[in-house]
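To start, the structure under review is shown below, and the notes come after it.
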Amino acid sequence: MAGPSTSRALTEVEQVTALNEVLDDETLSNYSSDDESASDYDYTQLVPPETISASERDSDPEDIVAHDELEEVPRRFVWEDIDSFHASRESFCGVCGPQFDTAELDVVSVFESIFDISLVQLIVDETNRYAQQEISKIARPLTFRSRIRKWEDVTVDEMYVVLALIMLTGIDQRPTLRSYYSKNRLLFTPFFAETLPLERLEVIMRFLHFSDNSKQNEYQGPSKLFKIYPVIQHLSRKFQILYLPGHNIAIDESLTLWKGRLSFKQYLPLKAAKFGIKTFELCESSSGYVWSFLVYTGQGMELTNQYVTAETNKTTAIVITLLENLLGRGHTVWMDNFYNSPDLARFLKSKNTDCVGTLRPNRKNVPPLVKDKKLKKGEHCAQHSGDVAVLAWQDKKRVTMISTYHKNDMRVVVNRASKAEIKPVVVCDYNKNMLGVDLKDQMLQPYLLERKKGTKWYLKLFKRLLNVAIHNSMVIYRSHPNKQNLDTLQFRLSLVQGLVEKHGSGVRRPVHGRPAVHPPPKRLTERHFLERIPPTGKKARPHRRFVVCGKKGQYWCGECEEALCYEECFKAYHTLLNI
């Protein structure tokens, strides 16, 4: 591990106090990190710290704790020249990757380790309960409702098959669910009809449910996420216990498209979807594995843990909540200027976690020299305070960076125009490692499951989470050295086929009409061809009487060995049961 930094002198009380910044909730609810119009607002206002002498800054941690008057006072930032910056990067501890043996597991087994039978059983139970409640309210047997009256409880096998068909709709994207069952020769896909009847799939999708409405008064989680919270809670836990991300991790926002009415719907103009449900996600930079996530529910969103209180700055609370179970392992977290601040960087460094990213110059405790100094293109200036360094670099626009281990070193890079440019190392590293969430979104975009229009927001969010679970399963599966050649499309096709083969035998299929007493004759089912009757020992061109029209000729069906004319006998004999 890296040597202790100067910020380790803080007590736990001081660290928590340093995070208790005041943020206007209403301003945050209307803002995203992609919105540059809010860059002039200071989100990190702290209670002004008292002055700490140089001797106290350099003293032993136990000596500082002994002063009662300093127990609840945040550390003061004293900025110095960057040449005296000696902080180093934290050493990563732990074995990254899957936390279980995946050598003998196939695609289906890896997916079912995340979307396991306990979650599917919960969905089955709530779907059956909700269907029975709704069917009891139906009074008039309308066309669609008459099929609902024939409801049969969903089984676990049947639900896995439904999930497989939902996955297939992301690969083969069509405007409606019924188009997958079309008999049109341009659209005909027999796999859907052979796997599950259309009427059954429509009814299950109509009643798909994840929570018991009658227990809403007993519910303790976020009130706005009641409809889907069991799924969120299960997947959030599974994502964390099955996989440990590597040294570099990134925090950013993602957006699930939703244009209907919803109290916590967000507008992010720089996102592809623009309108939808916003989630804060922590992803592995190299693979895009989603390790933890939070669904943003508006200004009333509450985040509390051992480091966060109700008064803590909301952006800081989001970062600490996402990182809580990774603190102390030596990770480097990469973030944009929506989250970063000198106080947050110092707190994370005290927890053996490095912090690197862009920074808004109007944040609290940013050094005035870095914030105000005028620079020409290519110039830079930097300062540090203990283990936190801030650098400003003038490119086409001014770029301000914060890091807990980078200095002001520069690097020669080749741009897209094949021209050499000199950039700060911290900027190059940021561009390389900040793509975790965007990488995940890029890999999900060609296979979106939530494209179909619907009236229930929680069904769209469920499909999004299902898609994320598929992506995480692929990352786990491909982490084995012998399984890295499987691309995304092959993985998804193998997963769909594997789920149907494993659980399809447990799906009941309707039988229409009365079953036949005797099987149909082979002449009605097999392939037959009209041929000339072969010569015999006595005749070179033998003739026979046709079995349908009664005329004589020299043609027959070689499979049936019956004489047939090509005008009417051949077709009638092979299509009509009674001739």
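What to note about this one:
- Global geometry of region 353-441, whether rounded, prolate or oblate, following the gyration tensor of its Cα atoms and the 1.5 cut on a/c: oblate
- Cα-projected label distance for residue 217 with residue 259, points at 7 Å along beta-carbon direction, nm: 4.0
- Full extension of the chain between residue 117 and residue 224 yields a length gain of 35.9 nm, computed as 0.36 nm times the residue separation minus the alpha carbon distance.
- Residue 414-residue 176 pseudo-label distance in nm [points 7 Å out on the Cα-to-Cβ vector]: 5.4
- Averaging 1/r across all pairs of distinct Cα atoms in region 420-579 and inverting the result yields a Kirkwood radius of 23.3 Å.
- Three-way shape call for region 205-275 based on the alpha-carbon gyration tensor, with the a/c threshold at 1.5: oblate
- Taking region 462-504 and a reference point 7 angstrom along Cα→Cβ of residue 100, the backbone N atoms nearer than 13 Å belong to 473, 476-477.
- Using the Karplus relation 6.51 cos²θ - 1.76 cosθ + 1.60 with θ = phi - 60°, the per-residue 3J(HN,Hα) values for region 288-303 come to x, 4, 7, 8, 8, 8, 9, 8, 6, 10, x, 5, x, 5, 10, 10 Hz, with x marking Gly and Pro.
- Extension gain, residue 494-residue 272: 0.36 nm per intervening residue step, less the Cα-Cα distance, totals 77.0 nm.
- Centroid-to-centroid, using Cα positions, region 415-491 and region 145-211 are 27 Å apart.
- Note, ³J(HN,Hα) from phi for region 408-425, Karplus 6.51, -1.76, 1.60, rounded to Hz, x at Gly and Pro: 9, 5, 10, 9, 8, 10, 9, 7, 5, 8, 6, 10, 7, 9, 9, 10, x, 4
- You can think of it this way: the chain between residue 325 and residue 536 has 67.2 nm of extra reach, that is 0.36 nm per residue less the Cα-Cα gap.
- Loop-resident sites, region 265-330, for trypsin sites (Lys or Arg not before Pro), counting at most 14 other Cβ within 10 Å (DSSP): 274
No value in this document is a laboratory result; all are computed from the given coordinates. These numbers were taken from a predicted model, which means no experiment stands behind them. Cβ sites come from the backbone with ideal geometry, for glycine too, and all protein chains shown count toward neighbours.
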